[in-house]
Structure formats: structure tokens, C-alpha cells
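Only the coordinates and a few stated rules stand behind these numbers; no lab work does. Since the model is a prediction, treat every value here as computed from it, not as a measurement. Note that we place each Cβ from the backbone using ideal geometry, even for glycine, and neighbour counts take in every protein chain shown.
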Amino acid sequence: MLPLGALAGPAGATSSPATPVASVVASAAQSGVPTRGSTPLATGNPAVGSATDRPGCPSAQPVTELALTDPRRAAALAKSLNRLRAATSVPGVSVAIVWDNGATWAGASGFADVAAGTPVTTGTGFALASISKSFVAAVILQLIGEGRLSLEAPVAPLLPAFGLDSRITVHMLLDHTSGLPDFILTKAADTALGDSNAVWDAAKSWSFVPKYHRVPGTSFDYANTNYLLLGELIRSVTGHAPSAEIRARLLTPLRLTHAWFQQDETPLAPLPASYVLRWYGGPPVAKLIAPAGDIVPFRSVVTSTGAAGSMAATALDTARWMNALGSGRVVPPATVAAMQADEAHTAAVGANLTYGLGISTVSVAGHIAIGHSGRYLGARNVVRYLPDMHLSIAVLTNQSEVDPAAIAGAMIRALTATGAEMPLLTVQVCNLSGPWRN
């Protein structure tokens, strides 16, 4: 059983905070992060903070999808995607590009089920794995902005059932400097996950965390344990499951109608079968490891990771998500900058691949990009926001060996070759980081 993949990113920091990250987050929050109060939330039901309550979110019908209509560019992108899939032997891939003004391009190639010949479409959903962490980080930062959490507050008093080291803070969970090891990497957990239909909860996952851990704040250790606990922290602070908070705060306002929390919610898009690639002396062969179902790739691994890896979505909604986050429409731009700036902190404590507050900064086809990657056995994905190109790109696949970052870079180069200017469209986009409308 493969764990969720670590992020691919440059060694060293990309930026250095001029002031402590906590101060930047706090000051940005005071300038306009919404306050939810104690309004009850319910999964699947409209809640305070829906799209019609936000500045910049029309109260009439949802904005019609605005596709990239330039036939030359659209055809070039489709041709590139088909060529890349064939060259990499990826069973199925879905790619979406979303511009800041709401314009989109989406394409798909290959098979959701190889044996049945079922094609991947732009409406196919995929397990996002660790991309889920970016959703969780956004909710935590919103709670900090509302004054319901503090970045440097100890977590132990809020999660007494876990017996945490009193030195571990919210900050340390967000950037993986808590010193806690990854429960999913243990032999015992790997064996238990072999019962693929078993349903786990946070307590069971926590039982596999090794007792030994590093001194909090002294090292970077990418671990799903950190975001499993952040999900439970959301539950402790709000009284609601992380899935309910993610839906009410992020998915519903942004109209991400084909994104969902697999652990708690039913699928909102058809899901593919899951594969690994194997080499037998020739081109790689896709080997089925799990058929399509209502949760992919395995119920045990998805529920064991909880908030650290439970999201699923289409490529289009995944790209829309990172476009909203990266462009400062989920938390204020200053908070996004602080999320990136924290990479200087993880670099300082020895991270080879730096990580910030739920996101990482990398280079995509020569462009600085922020986002996250994700990996399960049978799923591997990446989503990035490129500020200088005013767009995001998501590449989702139903295999775990080929890094989709290479496909993302090639697709951006193909776009640049046909003219990278943003399509001339005007559309209101929903802003979640502004003040609540009275």
C-alpha cells in the first residue's frame, strides 16, 4: 500500500517573510475574513456563507461556464493531451485550465476502465489524495481570521483525546513541523489497510502513530497525521465535521458542484477504476488494483487519512478551487502570501522540498506556481495556480507511477505556443475573502 505522495517542489525557500507569518495571517484576517458566528451548518444543505451571501457572487442563476472558444488553441491543447497520455501510458487523464476571469478549458484522454473501454471524460471524478490538505488549510486559516483559533496556539487543550505534546501548535500541524510521524507509513497500518473495505476513523488512525516523535518545531516531516489532526481540530472548534465546514465554507460558495468529501459524502461524479503501471520489458502495462466504486481507490485508505486525503473532484472543479485560493478569493491575498512565505520556515528546519501553510511553491514550465499534489495507490494528481499567467491547471490521473507535473508543464508550454493571453471574457467571480454582506 502506497501512502499519500509527498509534494514535488524546489529545495530551499522561495520567499522570506518580512514579519512573522502569524502576524501576517492575523493582520490579513482582520482586514476582511468573514465571521460565521455560531450559525449551524449541515452537510448538503445551504448555509450562511453561500454564494448569494458573498460580495461578487450573483444572487441570480449560477454563472454559465465560459469555455475557451479559440478553436486553434483548443485543438492544440487536445492534441497535446492525447500525445502526452500515449507517451506516458497513463490509463486515463483529465486536465482543466481555469483563467482568473472565469474562462475554462477542459480535456480528457484515455480510459476510466481499460478492460471495458469506458473513456475518461471531463466529467469524471478522481480521488484528490493530498490535494485535500489545501482545503483543510483554507478552513483553518478562515477560523484563525475569525478569531476562533490562533496560529501559535497549543493544540493539546483542543484535542485532549489524543494526548499531544503541549508544544505542538496549529502552525506546526499546518506546515508539518510538529515532529509527529506519519501513521500510514508504519508496517502495522499497512497491514491493517489491506482490508480495503474497512471503515476507519481518526481514533483508529491515531492508534498507529508511533510513540516516538521529534521535538516539535525542530524538523520538517511530511505526515498525514498532521492533517488528520487538523480535521479533528475543525470538528472541535466548530462542532461540525470537516466535510460540513468544507462544503459550507468552500464548495457551496464557489459552486464546486462536482467536488466532495469521500469519507462522508456520496459521489457527485462518476469515478474511474484505479491502476498501477508495470514494466515487463516493453511499454508499461496498466494493472487494475481496484474497480470503480462509490469511493476510490480503497475505502480503508481514504477513511484512514480523513481530512488529509478524503476529497474527490473533477479536474475542472479542482482547477477552479486552486484558482480561487491562489488569486486571493478564499483568504485575503496577504494570507496567501503568508502561506507561501512559511516555506522559508520549513527550509530553515531542514526541508529539502519546502512546504508552506497547506501549499507549496514550484516551477511549472518556467512559471512560479503554487498548489498541491496528491498520490494514492492508483491515483496521482497535481493542481497549480500560476499568478503571472492568471490561470490554474489541474491534471488528474487514475494511476500512481507517472508524475502528472510533467503533463502540467507540457500543457502550459502548449498553451504558450498558441498565445497565452487570457481569453477576453468578463465574469463576476465569487470572493470568499471579503466581508460578509449584511
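Here are some notes:
- For the range 357-414, averaging the sequence separation of C-alpha pairs within contact (under 8 Å, six or more residues apart) and dividing by the residue count gives a relative contact order of 29 percent.
- Residues Arg413, Arg247, Arg85 in ascending order of nearby Cβ atoms (within 10 Å, fewest first): Arg413, Arg85, Arg247.
- Semi-axis lengths (Å, descending) of the ellipsoid that matches the C-alpha gyration tensor of the range 319-401: 21, 18, 11
- For the range 362-396, the residues whose amide N sits under 18 Å from a probe point set 7 Å from the Cα of Ile289 along the beta carbon direction are 373-382, 396.
- Among Glu245, Glu152, Glu401, the order by Cβ neighbours within 10 angstrom, fewest to most, reads Glu152, Glu401, Glu245.
- The lysines whose alpha-carbon is closer than 26 Å to the alpha-carbon of Lys204, local same-chain residues fewer than 8 away aside, are Lys133, Lys187.
- The overall shape of the range 65-140 is oblate: from the C-alpha gyration tensor, with semi-axes ordered a ≥ b ≥ c, the ratio a/c is 1.5 or greater and a/b is no larger than b/c.
- One compactness figure for the range 262-421 is 1.12, namely its Cα radius of gyration divided by 2.2 N^0.38 Å.
- Each of Ile407, Ile289, Ile359 was scored by other Cβ atoms within 10 Å of its Cβ. Listed from fewest to most, they are Ile289, Ile407, Ile359.
- Under 5 Å, built H, 5+ apart or other chain: amide partners of Ala351: Phe220
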